[in-house]
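No value in this document is a laboratory result; all are computed from the given coordinates. Keep in mind it's a predicted model, so treat the numbers as computed, not measured. When we count neighbours, we look across all protein chains shown, and the Cβ atoms used for this are built from the backbone with ideal geometry, even at glycine.
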Amino acid sequence: MSQDPPAKPLQDAGTNLDLMFITQTTPKTSKDVLPQIRKHVMKDIGKARRKYGKIQGLFRFTLGVPDSLDLNRPPAEPHYSVQQPNRPTVRDGDISRVNQNTFMPLESSGLHNSTEPFLHQQTSQPAAVVVPPIERLWTGRLDPFVRYPIKMDQHSLQLIDHVFDDRYGNTPPYRDAWLPLGMTDAATFYQVLSNAALNLASLRARYLAPETRVPMMYHTRAVMIVKQKISNKIYATSDSVIASITAFACYSHVIGNQAGWHIHMNAVKEIVRLRGGIDNFNSNRLLRMALFWVDVGGSCTEDIQPIFPIPTTMLLESLGADDLTPLPLLAEQLSHSWNETNPEYAEIMTIMDDIRSFMFYLKGEVQRTRGNVYCSGELFASNILPLQHRLLSLVSPSNDNAQRKVDILRLGCTLCIAEIRRLFGIMGVISSHQAAKLRALLEKKTQDWEPFALLKTWVLAMGAMESRGCDREWFFAELGKSRAEVGVGRWECLPDKFRQILWFDDVHDQMFLELCNGVDPFIAVDHFLGGSRFGGYGPL
């Protein structure tokens, strides 16, 4: 008869026990028990320390601590830290890609100067351009305690992190306008994620189809939630439904679906009517300003009158009368000639004066903030959007000679501020429709430009700089004829004249130089997701 093997002691049952039983019979604490407790508690801490030691070697950066305090000794090799990351290296023959990914205006010798430091560097990497390492290690952009209206996964958090990442894109205007509104409703928040995915896709692959799987996935989720809400009479006209549909209109506008923009904006217009008018939304500033953004953006693309009026009382950073700049002598002469000839159309001259004042103010703010002013969505919404709204409000079905000239000047102003809108991070700013419409008006050979012929020359320059292909060639040819008519001998003398009308040096100097040299910019302005190449973002 076999006997069972003797039982093993408890401590030999395994090494992975989470519990440890300690016998204590006396009321006083035993000296033998305390070391056992400490040893058991410190076991996991020791494992964590050893595990951290293995992972530590994976980190990219090291602390910039010198080996000694001998400051006279030169370093043995270049040191790259968080404050001074490694510079990107370039293979020979790929210098053009460096210029293409650096969206900054170049001086006449800028290409040579900007690439010369890289010519002596070699790399064995297969890629032509090595992306520099992360520059903001150990910094967090997200608040871990925020309660989102949906259950967040890793990809959703990545998109929100992208909204707060200002290194590659000018996202603050988008973030300031839409993210607070999206936090109030699940459907709107899904659409915010969809629009963020569109922006991220534009950075990673600028010339691919803008509407990829991820934006469509979030957009579909938002649409399903809104369909459920509008089936309930209680929620059908709520602020959350209007916010979601407005976000849908923004999505359609950005991907170039103007038919979808019309459908969504008509739905918003009907809900606003059922709610008693647009003034009843003044208590919800976030929603009212979002409506303003989407209304002006989509209307500008088609060059039609906006649906809703300007929310004047909500423009927190609009320039006042004290910010108006005195008119240059040439601008004053042209304005006087126009108002004498067309007194009933004096509003276009007033708008041009206000645009000139804002450009002067913006130039000073760019220098003062070193370009960070372009991150101010409030400044954009309080100034450029109202100016664009006023320009679009001049659209008229009238086709007389004076109205055609107003339309020509109005389109010239729209093309003039197009690149400034892109500088502020606004997506969906295209110029192909305005350029084609402007060409059609100018081909009708409207007469009596003689008292203010230089205005026509300026409009031709704006059309040439914001057009492509055959339209660009036509505008440039007409600009050459007009230059001779106004008595300007050399091409380089034209910008001096235009600066007294409407001209933003940081943008138009480079664009005019490209035009005169027969160079088409490498970023097409009719790309819906494209940003500005002057201080804007480059592809990831």
Check: In what order do Thr220, Thr457 fall by count of nearby beta-carbon atoms within 10 Å, going from fewest to most?
Finding: Thr220, Thr457
Check: Counting Lys and Arg as +1 and Asp and Glu as -1, each charge on the Cβ, what is the dipole of region 156-311 about the Cα centre in debye, to the nearest 20?
Finding: 360
Checklist line | Using a Förster distance of 30 Å, the FRET efficiency for Ala484-Ala402 (Cβ separation, nearest 0.05) | finding: 0.70
Note to self: Show me, for region 413-430, the HN-Hα J-couplings you get by feeding each phi into the Karplus relation (A = 6.51, B = -1.76, C = 1.60, θ = phi - 60°), rounded to Hz, glycine and proline as x.
What the structure shows: 5, 4, 5, 5, 9, 4, 5, 5, 4, 5, 4, 7, x, 7, 8, x, 8, 10
Next item on the list: For region 308-389, state which trypsin sites (Lys or Arg not before Pro) are in a DSSP loop and have at most 15 other beta carbons lying within 10 Å of their beta carbon.
Entry: Arg370
Notebook entry, point to check: What do you get when you divide the Cα radius of gyration of region 156-311 by 2.2 N^0.38 Å, with N the number of residues?
Noted result: 1.00
Next item on the list: Can you pull a Stokes-Einstein diffusion coefficient for region 456-507 at 4 °C (1.567 mPa s), Rh from Kirkwood over Cα pairs, as a whole number of µm²/s?
Entry: 115
Notebook entry, point to check: Based on the Cα atoms of region 236-333, what semi-axes does the equivalent ellipsoid have, where each is the square root of 5 times one gyration tensor eigenvalue, given in whole Å with the largest first?
Noted result: 30, 18, 11
Next item on the list: Rounded, prolate or oblate: pick one for region 321-516, where a ≥ b ≥ c are the square roots of the eigenvalues of its C-alpha gyration tensor, a/c under 1.5 means rounded, and failing that, prolate if a/b is larger than b/c, else oblate.
Entry: rounded
Next item on the list: Rounded to whole Hz and in sequence order, give me ³J(HN,Hα) for region 259-267 from the Karplus expression 6.51 cos²θ - 1.76 cosθ + 1.60, θ = phi - 60°, writing x for Gly and Pro.
Entry: 5, x, 4, 4, 4, 5, 5, 5, 5
Notebook entry, point to check: For labels at Arg370 and Leu324 in the simple 7 Å Cα→Cβ model, what's the distance in nm?
Noted result: 3.6
Check: Which ordering of Cys413, Cys516, Cys470 is given by a fewest-first count of other beta-carbon atoms within 10 Å?
Finding: Cys470, Cys516, Cys413
Note to self: How would Asp165, Asp279, Asp400 line up from fewest to most surrounding beta-carbon atoms within 10 angstrom?
What the structure shows: Asp400, Asp279, Asp165
Check: Full extension from Ser337 to Asp166: what is 0.36 nm times the residue separation minus their Cα-Cα distance, to one decimal in nm?
Finding: 57.0 nm
Checklist line | Length released on extending from Leu441 to Leu203, taking residue separation times 0.36 nm less the Cα-Cα span | finding: 82.1 nm
Note to self: Using the Karplus curve 6.51 cos²θ - 1.76 cosθ + 1.60 with θ = phi - 60°, what ³J(HN,Hα) values do you get for each residue of region 142-150, in whole Hz, with x for Gly and Pro?
What the structure shows: 10, 7, x, 9, 6, 9, 7, x, 10
